[in-house]
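All remarks here apply to the structure that follows.
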Amino acid sequence: MLSFDLLSQIFAIMAPVLLCTAVGYIWGLLKRPFDPGITTALVSSIAAPCLVFSALTRLEVSAAALGQLAAATFACYAAMGLLGWTVLRLVGLPAHSYLPALMFPNGGNVGLPLCFLAFGPEGLALGIAWFAVGAVGQFTVGINIAAGSFAIGKLVRQPILYAIALAFVFILVGHRPPVWLVRTTEIMGNMLIPLMLLSLGVSLATLKVTRPGRAAALSALRLAGGFSIGLVVAWAFGLTGAARGVLIIQSAMPVAIFNYLFALQYKREPADVAGMIVITTVVSFLSLPALLLYVLP
């Protein structure tokens, strides 16, 4: 039987995520101005790199722990990519339209707040490690799958790569960055989570499900497959505590909104991808209590 303290803890974790998303949803319903292009640019070019750098350099998590979680994260993405590609091939659906949505979950909008609220600063740092690996993958592998070709230029133009590299230089040499740099990146990075939650809410208010059967089946594959792979990888890497919880939370997240933007840009069934985002997000919110109950110590 659930204790009142545990229920209060779960509510305290869920409420900020749901309320911030609800603000964005209401904003979208009211058709107030919201430019997803500007939001995407701010998140990918400024907020995400700054938050990654700030979190990796100021939080007390060892480089070994971050490296282990990064390796486990890569294993999760690879396993989900293989599973998704196999299923899509068996059912005759094009990988360039649906594989990015199956591979890349919403480890930013929903995952990072959950990791932070569930496990504190350590959870945020580990969640950032997941997010960094995923962001690099999404803006390189994901966008190239959607485009149908690989371009090295997309890789070298990603600011988050340089933020990660610079952060690991400071970590490996054992020195903290200058105070002015820490404070600047912290201020700029703090806008990431609010922006992403608001963007998620606005998107849920505007996206439509046009082929519910297909979207529901692929959504089930994303959520069930991601959760199962997270469990197996956490066991295989011997993860415990916050690291295990973060890996499972992030693996079980819904489809990332960036997949819709890429599908729209390259005309890869954007309506179906939008349907997957809506369905997986709603199901995830409904199942969050059970997920948190499972991973919390």
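Points to keep in mind about this one:
- Translational diffusion of the stretch 1-140, µm² s⁻¹ [Kirkwood Rh, Cα pairs; Stokes-Einstein; 10 °C; 1.306 mPa s]: 92 µm²/s
- Size descriptor, Kirkwood hydrodynamic radius, that averages inverse alpha-carbon separations across the stretch 61-146, Å: 13.6 Å
- Rg then Dmax, both in Å and based on the Cα atoms of the stretch 29-105: 17.7, 47.
- All-pairs alpha carbon distance profile, the chain, 5 Å steps from 0, percent: 1, 6, 12, 17, 19, 18, 14, 8, 3, 1, 0
- Efficiency of FRET from Cβ geometry, residue 169 and residue 224, R₀ 35 Å, rounded to 0.05: 0.35
- Computed over the stretch 186-297, the P(r) tail beyond 22 angstrom holds 41 percent of alpha carbon pairs.
- Farthest toward the positive end of the dipole of the stretch 8-161, out of 34, 77, 103, is the Cα of 34, where the dipole comes from beta carbon charges about the Cα centre.
- When each full DSSP H helix of the chain is screened for a Cα extent of at least 18 Å along its own axis and an average Kyte-Doolittle hydropathy of at least -1.0, the helices passing are 4-29, 63-91, 112-137, 159-173, 192-206, 212-236, 270-295.
Any read-out appearing in this document is the output of simple, stated calculations on the displayed coordinates, not a laboratory observation. This structure is a prediction, so every number in the text was calculated from the model and none was measured. Cβ: placed from backbone, ideal geometry, glycine included. Neighbour counts: every protein chain shown.
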